[in-house]
1. Pick from region 52-94 the residues that are aliphatic (A, V, I, L, M), over 21 Å from residue 8 (Cα atoms) and at pLDDT 90 or above: which of them is surrounded by the fewest Cβ atoms within 10 Å (Cβ to Cβ)?
2. Checking the conditions here, which among 31, 27, 10, 46 is closer than 30 Å to residue 72 by Cα and over 15 Å from the mean Cα position of the chain (by Cα)?
3. Among the residues of region 1-18, is there at least one that is of a type in the set (Phe, Trp, Tyr), crowded, with 16+ Cβ neighbours inside 10 Å and without any contact (Cβ under 8 Å) to a residue 60 or more places away in the chain?
Amino acid sequence: MRLLYMPFGLIAAVIGARAGRRTFALLWGALGSGPKPTPGEPDASLGRVMAASALEAATLAAAAAAAKVLSARVFHYLFGAWPQRAREHRAPQKT
């Protein structure tokens, strides 16, 4: 099943990355702060650069996770099997 899921995973990664970039652009634009500052700009403040980087990282991670979960659910709906092996739950061992 993992081999059959690979195209789904690749497509989900591309869609997640594009959705994350677009979401970040919309959020940063809604803040009205102008273009995203880069660390190499001499007049960009540290707080503004860090805020932009944190917001970008959060939106990209959230979009990637959502795309991954949704692609797994679509795969499960189409093929009737979960694409990734379920991890076994182990009880903690007492020493």
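The values are calculated or read from the model by the stated rules, or taken from the named source; none is laboratory data. Note that the structure is predicted; figures quoted are calculated from it, not measured. We place every Cβ from the backbone using ideal geometry, glycine too, and count neighbours over all the protein chains shown.
1. 54
2. Only one candidate qualifies: 27.
3. Within region 1-18, none of the residues are of a type in the set (Phe, Trp, Tyr), crowded, with 16+ Cβ neighbours inside 10 Å and without any contact (Cβ under 8 Å) to a residue 60 or more places away in the chain.
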